[in-house]
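Before any comments, here is the structure.
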Amino acid sequence: TINEVKFYFDKSKESITDAIEDLAQMKLISISGEQITRTSNKITCDDKTTSQAQKKFHNNILDLAKKSMDTFESSKRDISNIMLSLSLDDLKSAREEIDSFQKGFIKKYENKGGDKIYALATQLFPLS
């Protein structure tokens, strides 16, 4: 419910409503009455991303990941990372594999129903 979202995000009902409208406008969710459903679209941030709403969305997800370390016990979340040496020649293949993983993850878990909403955020970026 909006009240649950309001508590977790510490935002006003109005700003949450605006965020829901932004997600619907980006075609990431569909709204039917009070039912909000995730679409099969995913939000990416690439060189073609000009939408400030998309960039803000990604920044907010990263902030929520940080907050989750203090909010939820480790048995209810997974925060992990790896660092590796990767050649530019393999970058396209690596990105395709991440995309394939995300699609498989959604297919396996999405329609089982749940009692919580989770975010699965994936970042692959150079450190040097």
*In what sequence, largest accessible area first, do Arg77, Arg38 appear using a 1.4 Å probe?*
Arg38, Arg77
*On the accessible surface of the chain, probed at 1.4 Å, how many percent belong to carbon and sulfur atoms?*
52
*Got a number for the accessible area of Lys42? Probe 1.4 Å, square angstrom, nearest 10.*
100
*With runs of 4+ DSSP H residues as the only contributors, calculate the mean residue ellipticity of the chain at 222 nm using -39,500 (n - 2.57) per run, divided by the residue total and rounded to the nearest 500.*
-16500 deg cm²/dmol
_Percent RCO, i.e. relative contact order, over the chain, from Cα pairs under 8 Å lying at least 6 residues apart_ = 11
*Listed here are the pairs Lys42/Lys92; Lys55/Lys108; Lys66/Lys116; which of them are more than 20 Å apart at the Cα?*
Lys55/Lys108
*Using only the alpha carbon atoms of the chain, find the Kirkwood hydrodynamic radius as the inverse mean reciprocal pair distance, in angstroms to one decimal.*
16.9
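The values are calculated or read from the model by the stated rules, or taken from the named source; none is laboratory data. Owing to the predicted nature of the structure, the values given are computational and were not obtained by experimental measurement. In case anyone asks, the SASA skips ligands and DNA or RNA and just uses the protein heavy atoms, side chains included. Shrake-Rupley method; radii C 1.70, N 1.55, O 1.52, S 1.80 Å.
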